[in-house]
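See structure below.
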Amino acid sequence: MAKKPVRGRNKGPSKSRKGKARVGKRVRVKSARTRAAADVKAAHGELQQWTTAQIEEAFRRFKVANPEPKGELRHINPFTLLVAVVLSAQATDAGVNKATPALFALADTPEKMAALGESRVRDLIKTIGLFRTKAKNVVALSQKLVAEHGSRVPQSREALEALPGVGRKTANVVLNIAFGEPTIAVDTHIFRVGNRTGIATGKTPLEVETKLDRIVPAHYKRHAHHWLILHGRYTCVARKPLCEKCLINDLCQWPGKTVVT
């Protein structure tokens with residue numbers, strides 16, 4: 001017998017349910033001004049730090065709702081994952097996913113990408129922001145993989161960050177998804193969730209990453225990256241978070257959150 005899906009799964013809400021409160025629940029949405037003021041307070045690190053028990057409970061709930069979270073960038077192998085993540089800088093995963101099928105059909109290895117050339121890559125990814133710079137970096141990193149790494153994606157942060165267009169966040173994503181390492185790549189979503197909820201505050205992505213690395217229990221760390229990204233992408237959204245649907249509403253320290261009664 002097929003198992004029933006877990007309710008409250010940490011993924012994108014369907015259009016029919018988006019914005020609706022939980023059945024039988026009453027909510028009081030705070031004003032935009034109040035939410036903005038609360039975000040300023042959170043950004044200044046003024047929220048109460050979560051206890052060890054609260055952190056454990058939050059990730060326990062994420063795991064129950066979505067035991068095996070997946071990244072949303074489509075890829076074929078570690079190389080195409082690396083390329084997709086490089087292309088996703090200052091762009092949406094959805095936008096990247098529209099452009100990469102044609103690119104990867106022609107070049108799914110460093111050798112093929114290098115042979116394709118910057119001009120052709122540029123034409124294939126021109127719907128993505130900063131496509132000229134990204135095309136240059138994709139071809140250059142492909143050439144470097146062929147010349148210095150035997151056409152394989154290296155499994156160290158230092159080697160990854162030495163590739164053109166690859167920073168710490170990109171390296172962490174590749175290490176996590178391609179190699180299963182418990183790294184946490186702090187993007188805009190995780191940065192917002194960390195500061196807004198109070199689970200891990202910091203003025204820079206590195207500060208938030210360092211704190212998360214320290215406080216997230218080891219048995220949750222491998223998937224923590226995806227749970228937090230999905231939470232920020234579909235629930236704790238920037239302008240008007242869906243607090244009434246939030247798995248960790250009662251733990252969240254944000255003063256601007258919707259009150260659920």
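The values are calculated or read from the model by the stated rules, or taken from the named source; none is laboratory data. Owing to the predicted nature of the structure, the values given are computational and were not obtained by experimental measurement. FYI the Cβ positions are ideal-geometry reconstructions off the backbone, even for glycines, and counts take in every protein chain you see.
Tally the residues that are buried (at least 22 other Cβ atoms within 10 Å of the Cβ) and part of a loop (DSSP other than H, G, I, E, B), restricting the search to the range 98-112. So the count comes out to 1. Just so you know, in the range 186-205 the residues that are within 13 Å of Ile229 (Cβ to Cβ) and of a type in the set (D, E, K, R) include one that is surrounded by the most Cβ atoms within 10 Å (Cβ to Cβ), and it is Arg192. Taking the range 197-227 as the range and being part of a helix (DSSP H, G or I), of a type in the set (Gly, Ala, Ser) and farther than 17 Å from Ile177 by Cβ as the test, only Ala218 passes.
Consider the range 113-141 and keep the residues that are within 24 Å of Asp187 (Cβ to Cβ) and polar (S, T, N, Q). The one that is surrounded by the most Cβ atoms within 10 Å (Cβ to Cβ) is Asn137. Of all residues in the range 216-242, those that are over 16 Å from Asp39 (Cβ atoms) have Cβ atoms under 6 Å from Cβ atoms of residues that are in a loop (DSSP other than H, G, I, E, B) and of a type in the set (Gly, Ala, Ser), 6 or more apart or on another chain, in His225/Ala185; Tyr234/Gly12. Can you spot a residue in the range 62-71 that is touching a Lys or Arg at 6+ places or on another chain (Cβ under 6 Å) and not assigned by TED's automatic domain parsing to the domain that holds Ala171? Looking for residues that are touching a Lys or Arg at 6+ places or on another chain (Cβ under 6 Å) and not assigned by TED's automatic domain parsing to the domain that holds Ala171, one finds at least one in the range 62-71, hence yes.
The requirement of being more than 19 Å from the chain's Cα centre (by Cα) and aliphatic (A, V, I, L, M) is fulfilled somewhere in the range 44-53, by at least one residue. When we screen Glu72, Glu46 for residues that are modelled with pLDDT under 95, charged (D, E, K, R) and closer than 30 Å to Ser142 by Cβ, the only hit is Glu72.
The residue pairs whose first member lies in the range 56-71 and is closer than 20 Å to Ile215 by Cβ, whose second member is acidic (Asp, Glu), and whose beta carbons are closer than 7 Å, counting only pairs six or more residues apart or on different chains, do not exist in this structure.
In summary, helices (runs of 4 or more DSSP H) completely within the range 29-97 and bearing 3 or more residues that are over 30 Å from Gly165 (Cβ atoms) occur at 32-43, 52-65. Can you go through Glu148, Glu118 and tell me which one is free of Cβ contacts under 8 Å to residues at least 24 places away in the same chain and within 16 Å of Pro78 (Cβ to Cβ)? Residue meeting the stated conditions: Glu148.
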